[in-house]
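Engineer: Take a look at the following structure, please.
Read-outs: derived from the displayed coordinates by stated rules, not from any lab. Since this is a predicted model, take the numbers as computed values, not measurements. A quick note on method: Cβ atoms are made from the backbone with ideal geometry, for glycine too, and the neighbour counts reach across all protein chains shown.
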Amino acid sequence: MMRLTGTLTCLTPEDIALVEAHLPDHLRLTRAEPGCLSFHVAPRPDAPQIYEVTELFRDAAAFEAHQARTRASDWFSATKHLPRDFTRTEVKG
């Protein structure tokens, strides 16, 4: 399995509004992808401009397919300027 964890940071109140506008569709499309086991994006309670991201995919191929789809999505077009700090790990099990 492939896990990605990390953060997406909004720089302005307008960025938060942008993320909130695009997030529901991004969540829906990602969770419907073959091989997506879980996908969560939510603001930190103590820092609402920072979104915590946790993804789990069946295997590297499913993860790479997700990455390719995301790069071509409205979500990425709208949020590509936002700082991301992610760690990708392979999970045995």
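Engineer: Kindly indicate whether residue 82 is among the hydrophobic types (A, V, I, L, M, F, W, C) and not in a helix (DSSP H, G or I).
Structural biologist: Here the answer is yes, as residue 82 does meet what is asked.
Engineer: Here is a follow-up. For the condition surrounded by 11 or more Cβ atoms within 10 Å (Cβ to Cβ) and in contact with a Phe, Trp or Tyr (Cβ under 6 Å, 6 or more places away or on another chain), what is the one hit in 63, 76, 86? Spell out the reasoning first.
Structural biologist: On the way: 76 fails: in contact with a Phe, Trp or Tyr (Cβ under 6 Å, 6 or more places away or on another chain); 86 fails: in contact with a Phe, Trp or Tyr (Cβ under 6 Å, 6 or more places away or on another chain).
Just one listed residue meets the conditions, 63.
Engineer: Suppose we keep only residues that are of a type outside the set (D, E, K, R) and in contact (Cβ under 8 Å) with a residue 40 or more places away in the chain within the stretch 33-60. Which one would you say is surrounded by the most Cβ atoms within 10 Å (Cβ to Cβ)?
Structural biologist: Looking at residues that are of a type outside the set (D, E, K, R) and in contact (Cβ under 8 Å) with a residue 40 or more places away in the chain, I get 57.
Engineer: Considering the stretch 8-40 alone, what residues qualify as being farther than 17 Å from residue 73 by Cα, assigned to a helix (DSSP H, G or I) and of a type in the set (A, V, I, L, M)?
Structural biologist: Once the filter is applied, which keeps residues that are farther than 17 Å from residue 73 by Cα, assigned to a helix (DSSP H, G or I) and of a type in the set (A, V, I, L, M), the stretch 8-40 yields 16, 17.
Engineer: Taking the stretch 41-76 as the region of interest, how many residues are part of a helix (DSSP H, G or I) and not small (Gly, Ala, Ser)? Explain how you work it out, then say what you get.
Structural biologist: Applying the first criterion (part of a helix (DSSP H, G or I)) to the stretch 41-76 yields 60-71, 74-76.
The next check asks that each one be not small (Gly, Ala, Ser); those that pass are 63-64, 66-67, 69-71, 74-76.
Looking only at that region, the number is 10.
Engineer: Which ones in the stretch 1-32 are crowded, with 16+ Cβ neighbours inside 10 Å and charged (D, E, K, R)?
Structural biologist: Scanning the stretch 1-32 gives 3, 15.
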